[in-house]
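What follows draws every value from the coordinates through simple rules; no lab data is involved. Fair warning: this is a prediction, and the values are worked out from it, not measured in the lab. Every residue, glycine as well, gets a Cβ built from its backbone with ideal geometry; the counts of neighbours run over all protein chains shown.
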């Protein structure tokens, strides 16, 4: 073979490999940059007070985001109360009971809803709930986040259940076990980890949502004692503080962003650890 | 699902009492039949898979179903415990009576039919989230049996019947997937036996196993024959000859011949049967 041609091929190969590596780095770089930046600017403002104290008025230094952290947890809980049962049961229906036409309609709707911008959810709940009762509330915000969770959980639940081999269902039917018990004790149990993974990822996804909260939660600087009152949430607080002209608030916004991303990261890592090496159920 | 009998006449005559072949004793004369199948037709959509099959399956005996792939063997077997109910678009016509009771009658619950007619599949399928012990008792537990001592007793008995007890008694709480392929298949047999069915259907139970494991399963089938009616689908003609008392040959959805196993393999009436069992079949 012509040695010159051989070298030319080697050069082309190296160039394309380098391009691929570069693109891979472009994928990882933002995460590294964001984390590094947040650690640099936010870590110094993180202290015990940040987690235990209410926000201080402008001019006073110190204070924390305790109400926003608890508020975010509350909203996630409310969203889960709505999103998890509806999403999981809907996914079970699609995989185990539904008819072809119904399934097509539900899947199509869920996929459209998954692509709906989150601000739209906020406006919808604002129009349907907040305006009629003339009150911003934790319930309204939880509803907005819960509605966002439904299609996410529904689709992952369905996919996990469909992955359960039919031979298990057949074996169970052949034992004369009623259909609902087969779904509950055999199919759901086999897909359990996958479903929990889907729930955690959906929670991580809505935990950082700000837009739906603008029209529903309103936010404030106090503890929420009544779920029909406005409530603060971490992403919303970050939004307010980051766009304020006060340097002390900006500083706290960095700390809040760090806490939020660490929480989402922890959820994702938790999912990885949980699913690692434990999928042979489905692979087999 | 319709259960009409299109024609009371039999398409093929019931097996005539032929003199017993040397190796296989004839079933006792006058014994009640386990399954009485009359004019069984099965469709998947517009595809007519089983065409007018009629036969009688004798109790406490092994009946083998042989035939080339796609001839309707498994379809026939699955009609016997109403597994086709689960397949959208499947339609069953004709009559299948289990000890005289029509399994497809309107007021018969398919779930109850399947408790009386157990099934073992080609690919072993123990439940992956359960231990060996839990697999053996799952049919009982999910059908409502709760007493611990009774479950324990039934588990041990079914594992012994499946000739698996000695191999697993020290690791009953290990995951079922830690067993070898042959052991998993015997665990599936134990699982089916634990609910004390009257019949055991086996769909090529040894086709995925090595010769040693296959021999164990065959030995087990011969044991179980003492107490159970067994219907087994097999591609392995030596296996059919070794373990069964009667053999049915299916071809293109029809029952071509049904007779004493010895007769089917040595002196079949039909040319097609002879071609198939001697390996001359296309």
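Looking only at the range B:88-102, count every residue that is in contact with a strand residue (DSSP E or B) (Cβ under 7 Å, 6 or more places away or on another chain) and within 13 Å of chain A (Cβ to nearest Cβ) and tell me the total.
So the first thing to find is which residues in the range B:88-102 are in contact with a strand residue (DSSP E or B) (Cβ under 7 Å, 6 or more places away or on another chain), and the list is B:89-98, B:102.
Narrowing further to those that are within 13 Å of chain A (Cβ to nearest Cβ): B:89.
Within the range B:88-102, residues that are in contact with a strand residue (DSSP E or B) (Cβ under 7 Å, 6 or more places away or on another chain) and within 13 Å of chain A (Cβ to nearest Cβ) number 1.
Only one of the numbered conditions (1) in contact (Cβ under 8 Å) with a residue 40 or more places away in the chain; (2) in a helix (DSSP H, G or I); (3) more than 14 Å from chain B (Cβ to nearest Cβ); (4) under 19 Å from the mean Cα position of the chain (by Cα) is violated by residue A:120, and that is (1). Every condition in (1) touching a helix residue (DSSP H, G or I) at 6+ places or on another chain (Cβ under 6 Å); (2) over 21 Å from residue B:125 (Cβ atoms) holds for residue A:135 except the one numbered (1). Is there a residue in the range A:216-237 that is over 17 Å from residue A:66 (Cα atoms), part of a helix (DSSP H, G or I), away from chain B (no Cβ under 14 Å) and in contact (Cβ under 8 Å) with a residue 12 or more places away in the chain? Looking for residues that are over 17 Å from residue A:66 (Cα atoms), part of a helix (DSSP H, G or I), away from chain B (no Cβ under 14 Å) and in contact (Cβ under 8 Å) with a residue 12 or more places away in the chain, one finds none in the range A:216-237, hence no. In the range A:161-192, the residue that is surrounded by the fewest Cβ atoms within 10 Å (Cβ to Cβ) out of those that are within 21 Å of the chain's Cα centre (by Cα) and either without any contact (Cβ under 8 Å) to a residue 40 or more places away in the chain or facing chain B (nearest Cβ under 10 Å) (or both) is A:192.
When the range B:229-242 is filtered for residues that are surrounded by fewer than 22 Cβ atoms within 10 Å (Cβ to Cβ) and farther than 15 Å from residue B:279 by Cα, only B:242 remains. Of all the numbered requirements in (1) touching a residue at least 60 places away in the same chain (Cβ under 8 Å); (2) assigned to a strand (DSSP E or B); (3) within 17 Å of the chain's Cα centre (by Cα), residue B:56 misses one, and that requirement is (1).
Of all residues in the range B:198-213, which are in a loop (DSSP other than H, G, I, E, B) and surrounded by fewer than 23 Cβ atoms within 10 Å (Cβ to Cβ)? Steps first, please.
Pass one, the range B:198-213, residues in a loop (DSSP other than H, G, I, E, B): B:198, B:204-210.
Scanning the range B:198-213 gives B:198, B:204, B:207, B:208, B:209, B:210.
If you go through the range B:124-182 and keep only what is crowded, with 21+ Cβ neighbours inside 10 Å, within 14 Å of another protein chain (Cβ to nearest Cβ) and farther than 20 Å from residue A:174 by Cα, you end up with just B:179.
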